[in-house]
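Below: one structure, written as structure tokens.
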Amino acid sequence: MASLNSSESGPDPILLTLFANRFMSVAEAMGRSLQQTAISTNIKERLDFSCALFAPDGDLVANAPFIPIHLGSMSFAVRYQMNLHKKDLKPGDVLMTNSPHAGGSHLPDITIISPVFDDEEKEIIFFTASRGHHADIGGILPGSMPPTSTTIFEEGAHIVSFKIVKEGIFDHDGLVKYMVDEPAKYPGSSGCRNIRDVESDLKAQIAANYKGVQLIKAIVADYSLSTVQEYMYHIRNNAEFSVRNLLKDVAKRARSNILEAIDYLDDGSPIQLKVEIDEERGSAHLDFSGTGCEVRGNLNAPISVVHSAVIYCMRAMLDMEIPLNAGCLVPLTIHIPEETLLSPSPTAAVCGGNVLTSQRIVDVVLRAFHACAASQGCTNNLTFGAGGKDKDGKNVSGWGYYETIAGGSGAGPTWHGTSGVHTHITNTRIGDVELLERRYPVMIHRFGMREGSGGKGQFNGGDGVVRDIEFTEPLQVSILSERRTRQPYGLEGGEPGALGRNTWVKQPRKEDGDLPVEYDENTPPAARRINIGGKASVFMGKGDRLLIETPGAGAWGLKEGDEDWQHDHSHVKAWAPRGSLAEREAAQAGF
């Protein structure tokens, strides 16, 4: 065992880098374990999961580059469980939660939390945690992302705290109770439609957490607990110092310590932000007063999601490589007025708040800091599936599929936006066409760039994409999306990005009144094209298609001359791949 103490002048910079990477490698190894052992498309192929390491007080220590909206809010979940269970946790216990009011994001995101005890098994020295999006956890529609939900009970299983493993014993019966029996009690709702797949993925999360427990104990054995925890706090202090310098620089460049911005959801609800920077201390107060009241639909965002969006923006604006951790929030105070869509009541629907409103919060923060133009501002949530309850109201097995669809990213003062990417808080992949067609009753007619949908300017916004899906058997299909009535903004005179659009290509059917009494079966009428809006659930027949055109992104700067005029961009730095997927591929290439 080595015991390494920092000098009086501060931490050893080499050890600081070493521990930052060791902590991140723990989370990365957890993620590889989870991906390899999970069976769902959501986790195994789409990578809609996150793993992280937490201090004994619940603060985020380090994470691999997974899903930003998970990572900022998971600290809330860990702290909630700590306060709820206090001294009740024992070695071998594993906790499960998804409640937005217990630090969750939305119900399909299930968090698994494992305490790490010292060698004497008396004190908790760390927590490992993983959060994964599960394709179906019950509710009124397959996929558990109903665009029409108005209460949280319609969105599926709601679990504040459940000890899924108690002193090493997995509680299968308790899981069935929480995931199948309880959500089915609400009118019109079903229990989990495929509990076997969900249970398997939850076991994969538990195994990933255990991998993290083993690795962090190995680090403690190498360096001693006191040294490991000392550098854990040094890493957090380093992040705090970096954000303070960022805030000082922003105030200096803006020549003002007051920054303001406002943007709107498609229904007109405002999200308003005022940032007051203390340039001397390098701190800031973010005030969301002026934000609209709670909405009847599901675009309400839990407080933990707001903090996730803010910590993501702070980390994204830093021009240096540091682990995203709790230190990024230390210089900030955040005021979220009660009874607003960013601080909803306990029974409010929230499934869209996590995936859509969070994007608008990011747009507002980045607009206030004048960092870049708006990205697509949406995740284009598509769900379809079957099963749930039969005509007698009894639960029947079924399935659900969920994916998010890419769009354009916003341009900035020295760069063009990127086309066809998952932006900001989502950061996932999409289901591969081959896997999708093999596993589900669908055919993909087209999946490609939506050329011309990005705004034009000195630096152009990225283009959205087109995804055209045909259903080969009757299915319930739902879309939950934004930026269908309000364009992603441009900055410094740049044009906004194009609106998104969802079109149902409906095959004519006699029973639907689409065919005349007499018609030639060899030449039936053409399919109807129906704009179903941003949020809709439709029962689509065999042969029907859903054409999803995702939003483009905003441009930066005025364009010169006509549309054919070309700027000289030779001074712009070449774009280099960054983010979780690029880093994951680079890491995997090294094995």
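The values are calculated or read from the model by the stated rules, or taken from the named source; none is laboratory data. This structure is a prediction, so every number in the text was calculated from the model and none was measured. FYI the Cβ positions are ideal-geometry reconstructions off the backbone, even for glycines, and counts take in every protein chain you see. Areas reflect the complete protein model, heavy atoms only, side chains present, ligands, DNA and RNA absent. Shrake-Rupley method; radii C 1.70, N 1.55, O 1.52, S 1.80 Å.
Some values worked out for this structure:
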item: Two-site label geometry, Lys252 and Ile530: point separation in nm, points 7 Å out along Cα→Cβ; result: 5.9 nm
item: Overall Cα dimensions of segment 1-114 - principal axes, largest extent first, Å; result: 47, 36, 26
item: Cleavage-rule hits, GluC sites (Glu not before Pro), segment 107-188, DSSP coil, Cβ neighbours within 10 Å at most 15; result: Glu120, Glu121, Glu123, Glu167
item: Too-long pairs where the Cα-Cα distance tops 20 Å, listed order kept, from Lys122/Lys203; Lys248/Lys559; Lys248/Lys456; Lys177/Lys203; Lys166/Lys203; Lys86/Lys211; result: Lys122/Lys203; Lys248/Lys559; Lys248/Lys456; Lys86/Lys211
item: For the chain, alpha-carbon Rg relative to the globular expectation (2.2 N^0.38 Å, N residues); result: 0.97
item: Kirkwood hydrodynamic radius (C-alpha pairs) into Stokes-Einstein, segment 406-455, 25 °C and 0.890 mPa s, D in µm²/s; result: 190 µm²/s
item: Candidates per trypsin sites (Lys or Arg not before Pro) in segment 185-266, loop by DSSP, up to 13 other Cβ within 10 Å; result: Arg255
item: 5 angstrom amide H check on Glu492, placed H, neighbours 5+ away; result: Gly557
item: Residue among Thr227, Thr111, Ser40 farthest towards the positive dipole end of the chain, charges placed on Cβ; result: Ser40
item: Rg over Rh, two decimals, segment 372-561 (C-alpha only, Kirkwood Rh); result: 1.07
item: Rounded to whole Hz, the Karplus (6.51, -1.76, 1.60) HN-Hα couplings of segment 399-414, x for glycine and proline; result: 7, x, 10, 9, 8, 10, 10, 5, x, x, 9, x, 7, x, x, 9
item: Sparse-neighbour loop sites [GluC sites (Glu not before Pro); segment 294-385; at most 13 other C-beta within 10 Å; DSSP]; result: Glu321, Glu338, Glu339
item: Debye log10 I(q)/I(0) at q = 0.16, 0.25 Å⁻¹ for segment 238-320, Cα point scatterers; result: -0.71, -1.28
item: Relative contact order (%) - criterion: Cα under 8 Å, at least six apart; region: segment 13-237; result: 23 percent
item: Contour minus Cα-Cα distance for Asp173 and Glu276 (0.36 nm per residue); result: 32.0 nm
item: Gain on full stretching of the segment that runs from Asp222 to Met449 - 0.36 nm per residue minus C-alpha separation; result: 76.7 nm
item: Magnitude of the charge dipole, the chain, Cβ model with Lys/Arg +1 and Asp/Glu -1, debye to 20; result: 380 debye
item: Pairwise label distance in nanometres, Ile14 with Thr151, each label 7 Å out on the Cα-Cβ vector; result: 6.3 nm
item: Residues of type lysines that Lys510 reaches as a straight line, Cα spacing below 17 Å, ignoring anything fewer than 8 places off in the same chain; result: Lys542
item: HN-Hα J in Hz across segment 469-484 - Karplus 6.51, -1.76, 1.60, θ = phi - 60°, x for Gly and Pro; result: 10, 9, 9, 8, 8, x, 8, 7, 10, 10, 10, 10, 8, 10, 6, 9
item: Estimated FRET transfer efficiency (Glu492, His85; beta-carbon r; R0 51 Å; 0.05); result: 0.50
item: Overall dimensions of segment 13-237 by Cα: Rg and Dmax, Å; result: 17.3, 59
item: Length added when fully stretched, Lys185-Glu120, from 0.36 nm per residue minus Cα-Cα; result: 19.0 nm
item: Residues in segment 526-563 that a label on Lys510 would reach, taking backbone N under 11 Å of a point 7 Å out along Cα→Cβ; result: none
item: At least 18 Å along the helix axis (C-alpha) and Kyte average at least 0.5, DSSP helices within the chain; result: 303-317
item: Dipole magnitude of segment 372-561 about its Cα centre (Cβ charges: Lys, Arg +1; Asp, Glu -1), debye to nearest 20; result: 420 debye
item: Alpha-carbon centroids, segment 149-181 and segment 320-352: separation in whole Å; result: 25 Å
item: Value of [θ]222 nm, deg cm²/dmol, for the chain, DSSP H segments ≥ 4, -39500 (n - 2.57) each, nearest 500; result: -8500 deg cm²/dmol
item: Charged-residue dipole, Cβ positions (Lys, Arg, Asp, Glu), segment 86-132 about Cα centre, Debye nearest 20; result: 260 debye
item: Accessible area (Å², 1.4 Å probe, nearest 10) - Met320; result: 90 Å²
